Amino acid sequence: MTPVLSGLTLCAVLAAVILLVSGVSKVQSRDTVGDALDALGLPGSQLPSGVLSMLPWAEIVLGALLLIVGGVFGIIVASCAVALFCLYLVIIIRAVVTIPDPVDCHCFGDLAPGDIGARTIVRNVLLVAASVLALIAATDDRRPAIERIVKASAGDLWWWLAAVLTVVVVATVLYRPVDDVAEEDDAEEIADYESVPIPLASVTDAEGRTTTLRGLVAQRPVLLIFVSPGCGPCERVMTKAPGWMMLLPEVDVRCLVTSESVREALPESLRPLSLVDKDGSTNLVFEVHGYPTAWLLGVDGRIAGGPQKGPSNIEMMVQDMRAVLDDVASEQGQSGADEVLVD
């Protein structure tokens, strides 16, 4: 192996470490892979839960194999890494181009949060480059990457180019602009959205009565959850919805489905409080592309919160609502609790 190609072994190590860190972070993250895919505009909630749970472990296994296998199998593994990083790059570019709102891809779970953008594209381009160089190294020297490193002589360690690439990639993974951190801190203290009127759309309740969304909130705020029975994340949300009704007695919790037949697939406890979007107008005006998604509708006829996508984000929204209501109740009395959701 030439000295230059010997240095490319570090690219194999870099690709392997990135895959290992990504997989482990996703396993430990509070957000599911389905939630992350939904945020990127992909039908993550529609995929079988088994497939979604396998992705982080597939990254871990692929990263480990990049280090320990050689020969033809090592070339195949390196090729799979190239294909995976290319796929991730395409997904990120698609999301940046097609989704106007800020999106956190959770590419590394909770380790490196932050909205995707040009910096994310640059990072993924570098990862593709590293994986391609790792494939070149695996083709040139069939020994496992670990063996190449251990047995390399001092004269062959011309690795400065690969070392620079490693530093740049790690920096793009972990770096977060100060503005991102500040915005996240602000979001924890106050909802950062512009209140807009509730769109004109109609729904049908369990008794067959049709009403507009604005009519639905004439008396009480509504937590409207778009669900699709059969998807794993939706099942988790529907399991917790009865508890949320008890946790938020000031708010009407409603699950919205697309047809009467789908309503029948809901848990029996949710059917009386479910709504049907017969003509699809509600899904259309709220631009719902993935399930579950939740919006908070205020009694003043304006949107009070949302959208929140995925079980973990929706549950966090519910807990935040309860905390705000409790704070207002303690300061102003229980009468002020109903009003805070529409401010």
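Using a probe of 1.4 Å, the accessible surface attributed to LYS151 totals some 130 Å² when neighbouring protein chains are kept in position. Computed over region 202-338, the convex hull of the alpha-carbon atoms projects to a mean area of 7.6 nm².
Rank these residues by their accessible area, most exposed first, probe 1.4 Å: MET317, MET245. Kindly include the intermediate steps, with their values, before the conclusion.
Details: MET317 20, MET245 50 Å².
Result, largest first: MET245, MET317.
Counting only protein chain heavy atoms and rolling a 1.4 Å probe, the accessible areas of TRP244, TRP57 rank, largest first, as TRP57, TRP244.
For every other residue with a beta carbon closer than 15 angstrom to the beta carbon of VAL72, add +1 if it is Lys or Arg and -1 if Asp or Glu, then tell me the sum. Don't skip to the answer; put the middle values down first.
Details: positive: ARG142, ARG143; negative: ASP140, ASP141.
Once all neighbours under 15 Å are counted, the net charge is 0.
Between ARG220 and ARG119, the FRET efficiency from the beta-carbon distance, with R0 = 35 Å, is close to 0.20. For a modelled paramagnetic label at ARG94, 7 Å from Cα along Cα-to-Cβ, the residues of region 288-309 in reach, with backbone nitrogen under 15 Å, are 289-290. The listed residues LEU284, LEU10 rank as LEU284, LEU10 when sorted by accessible area, largest first, using a 1.4 Å probe.
The values are calculated or read from the model by the stated rules, or taken from the named source; none is laboratory data. This is a predicted model, so every value here is computed, not measured. Using ideal geometry, Cβ is built from the backbone for each residue, glycine included, and neighbour counts are taken over all protein chains shown. Note: areas computed on protein heavy atoms with side chains; ligands, DNA, RNA excluded. Shrake-Rupley method; radii C 1.70, N 1.55, O 1.52, S 1.80 Å.
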